[in-house]
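The values are calculated or read from the model by the stated rules, or taken from the named source; none is laboratory data. All of these numbers come straight from a predicted model, not from anything done at the bench. Cβ atoms come from the backbone with ideal geometry, glycine included; neighbour counts cover every protein chain shown. Please note that ligands, DNA and RNA were not included when accessible areas were found on the heavy atoms of the full protein model with its side chains. Shrake-Rupley method; radii C 1.70, N 1.55, O 1.52, S 1.80 Å.
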Amino acid sequence: MMRWKFGAKATSLAGVSAVALLASACGSASSASSSKASSSSSGQSVHSGIPKANKNPITMEFGSSGPAETSAEKSAAAAFTKMTGISVTVIPEANLTQSLAEGFAGKNPANLFYLSPTLFEQYVTKGVLYSYGNELGNKSSFYSSLASAFTYKGNLVCDPKDGSLLSLYINTADWKAAGLSSSQYPQNWSELAADAKKLTTQGRAGLVVDPNESRLDAFFYQNGGSVLNASGSKVLINSPQNVKALTFVQSMLKAKTLVFPSQVNDADEINAFGQNQAAMVITGNWMSGEMAADYPKIRYTAHLLPAGPSGTRGTLTFTNCWGVPENNSNLGGTIEFVKYLTSPAQELRFSQAFGTIPSLQTVSAEYAKKYPQNAVVLEGLKYGHPDISIAGSTEALTSFNSALTNLATASPSSILESAQTNLQSAIAQNS
Amino acid sequence: MITAGVRTSGRARVPNARPGSSWKDQVAGWLFCSPALLLVIFFLLVPIGLAAWVSLSNWDGIGTPLSSGVHFVGLTNFREILTQPGLAQQDFGLSLRNNFYYVLLVVPLQTFIALVLAVVVSRKRLFARGFFRTSFYFPSVTSSVAIAIMFQFLFSGSGAINSILGYLGLHGPNWFVDPNGIIQTILGDFGVHNGPGALVNHGFLGVSWWQWIAGPSVAMVVLIILGIWTTVGTFMLIFLPALYNISGDIADAASVDGASAWQKFWRVTVPMLRPTLFLVLTLGLIGSWQVFDSVFLISQGNPAGTTLTPAFLAYQTSFSDQQWGEGAAIAFLLFGLIIAMTLIQRWFLREREGSRKRFRGLLLRERLASNVTSRSSDVLEA
């Protein structure tokens, strides 16, 4: 609730976006229109050669997961400054989406920022991102499932900074107690359903999954389905394969071997797993940090998600890229910094500091040696698909997610039909 | 101030201008006003004008909305929200419904509780009056972020509220993830699970009538409690001086007339608080229709869009979906709605001729009565 400021309140509401508007009003109109016209007519411009670095300071904005990430970014920046003499200011942003919007509206974005796939889709079509991925010569070193999220019209626009993916995590003690063999983890849907049933006890579900498209879409890919066509212009979410996949999830839900976190009185699947309200969880590898901090005594193992009936493996990948704006006071220097940040040694340092998986396929052997518990799931980054990223789809996805919370009683095909309509209209509106 | 300046800047002196006021005085006047005037122009009028332009344009968030690449698109953005069936329209309808229930519960309750608290702490014989006054006001001066986080802990699935309910043998809901409307839940207890076809199949703004009457969701109820809790302190503070302003004579007169404490409160105190009541209701109405920070901090419109409010939807549409024109259009629709609501409320609370006369008559009678009784008591004592 807001504090009451007498007067002015009623009028100030008219400018919800007043900050951004004001920032943009102060920007120079002429430069804005000229650079806009040139870039939007040609779509994303491709560059031949990257300009030379100058000594202008660089600003980097990012959304931090916590002090570990912030200090790792700071020490990377300090090391880069020591090497090149270019000073770097590192700014952790509580709300990166908003600060990027303000930066672009004011024609003064940071030189470098984390960019989520959804924001990438929004900005790349407006022609404000500098496309450097093809220029650095290491395009093929990245996992293709990560790079594909930042590819526009055949060009890798920005380099993925790390990778995360969905895997199946199993509570070791529960698995043993149910009399299941440690050499026979679920490899397909029927085994998953059977094992979940064996693991379900009074007060504990076999499997907990968040009713969210960023979890359940994995089942679509496992059944040979998809969400978008290759060019990203058409939504394919209402396909028969997807209806069948969602019906499978529904059957486990009805059998009470699969639960949503809200059903076990906790809003978060990792907490439900940590408090042993479920023996298995499908979630991302970021859970290891949370488990170590909150539930250090729980032992668990990581596994690839089970395959669908046809034997197809599928998972969802999550990543951000190192976004660089066209409008940049030190383009060359920024790209030098990106090269440093995506070097094998630095990606491994980030892994050590805050638990990310390197986006470089080329360091996977080294990573697997250092973190054997995660080695088995690295495979998923090779065949995984990026989570949905459609510009302007927040409302459509929110509505899809809230429909998924009613999956136990609702019809899977009608959920997917309305998601199809809403996502397709989001694409139509933004293209 | 402004109008006075404009009027006197004409050729002839305006008759009612103070003698000796020359153009120098006027320049000085404008100079003294200018800092405030510039602030108002640059931080209120210019952004509002820009937002108005954005709501009618196809600005995409890159560069200034005044650049040549941004085009006038007429009422397209408003049509998208109001008349074109789709998610944008449905979300706007939902946000209006949610906020309507929020206002319906928050405004009367916060006003009533604030008034009661003010009456309680205005009692001269109350023990530790200063302590109570401060503690009631405390939530209003605490950071809304701190309060929102505290509420998140209190109302989480395994939080303090549910633990207390557990001691009482009740099973508390999972507050922040429960999208069920409370009116519909109550109807469900009576065996009504599906609405009549007339309500389910017809609707307004993409939301069926059955959904319109679903009531606030359980999650919204938490925001409503938070809204009331953080504002009663401020409104209590507005009521307090108004209460002190009511002369003790009047209350005494009413008592002598044989009015009970209850009658005194409703027939004397409340009518005399009318201007303050108007202020409190107006501020409450405006603030409740603009509720943003608790939604932003606690629920982000979830679960199932039942805590979406127009102010938050405007923010989300603009910043997350980059539909700046649509976001600005929502903000202007909300602006219009608030103006309309305030006018309606003003019309309801206007001083009616009849009531004023009746009130005066009452006062007069009381005066007379008190004079008579005091004299008679004098006589008795003598």
Residue count for segment A:57-77, restricted to those that are open to solvent by 60 Å² or more (accessible area, probe 1.4 Å) and either at pLDDT 90 or above or under 22 Å from A:Leu156 (Cα atoms) (or both): 4
Out of (1) surrounded by 20 or more Cβ atoms within 10 Å (Cβ to Cβ); (2) part of a helix (DSSP H, G or I); (3) not hydroxyl-bearing (Ser, Thr, Tyr), what's the single condition that is false for A:Gln98? (1)
In segment A:105-140, anything hydrophobic (A, V, I, L, M, F, W, C) and assigned to a loop (DSSP other than H, G, I, E, B) is listed as A:Ala110, A:Val128, A:Leu136
Kindly evaluate A:Ser310 against the criterion of being open to solvent by 30 Å² or more (accessible area, probe 1.4 Å), assigned by TED's automatic domain parsing to the domain that holds A:Tyr130 and more than 22 Å from the chain's Cα centre (by Cα). no
Residue that is farthest from the other protein chains (Cβ to nearest Cβ) [pool: residues in segment B:272-294 that are open to solvent by less than 50 Å² (accessible area, probe 1.4 Å), part of a helix (DSSP H, G or I) and under 20 Å from B:Ala118 (Cα atoms)]: B:Leu277
Residues that are open to solvent by 50 Å² or more (accessible area, probe 1.4 Å), touching a residue at least 24 places away in the same chain (Cβ under 8 Å) and not aliphatic (A, V, I, L, M): does segment A:146-164 have at least one? yes
Any residue that is within 27 Å of the chain's Cα centre (by Cα), open to solvent by 40 Å² or more (accessible area, probe 1.4 Å) and hydrophobic (A, V, I, L, M, F, W, C) - is there at least one of those in segment B:192-201? no
Per the filter on segment B:106-146, residues buried (at least 20 other Cβ atoms within 10 Å of the Cβ), out of contact with any Lys or Arg (no Cβ under 6 Å at 6 or more places or on another chain) and either modelled with pLDDT of 90 or more or of a type in the set (A, V, I, L, M) (or both) are B:Val106, B:Val107, B:Gln110, B:Thr111, B:Ala114, B:Leu115, B:Leu117, B:Ala118
Of all residues in segment A:251-273, how many are part of a helix (DSSP H, G or I) and under 25 Å from the mean Cα position of the chain (by Cα)? 7
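Quick grid of which residues meet (1) open to solvent by 10 Å² or more (accessible area, probe 1.4 Å); (2) touching a residue at least 24 places away in the same chain (Cβ under 8 Å); (3) more than 26 Å from A:Asn155 (Cα to Cα); (4) of a type outside the set (S, T, N, Q):
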{"residue": "A:Val227", "(1), (2), (3), (4)": "no, yes, no, yes"}
{"residue": "A:Ala230", "(1), (2), (3), (4)": "yes, no, no, yes"}
{"residue": "A:Asn238", "(1), (2), (3), (4)": "yes, yes, yes, no"}
{"residue": "A:Thr247", "(1), (2), (3), (4)": "yes, yes, yes, no"}
{"residue": "A:Ser251", "(1), (2), (3), (4)": "yes, yes, yes, no"}
{"residue": "A:Ala255", "(1), (2), (3), (4)": "yes, yes, yes, yes"}
{"residue": "A:Pro261", "(1), (2), (3), (4)": "no, yes, yes, yes"}
Just to be sure before I move on: is B:Gln345 modelled with pLDDT under 90 and within 10 Å of chain A (Cβ to nearest Cβ) in the structure I sent? no
Only one of (1) closer than 21 Å to A:Thr405 by Cβ; (2) more than 12 Å from every other protein chain (Cβ to nearest Cβ) fails for B:Gly172. Which number is that? (2)
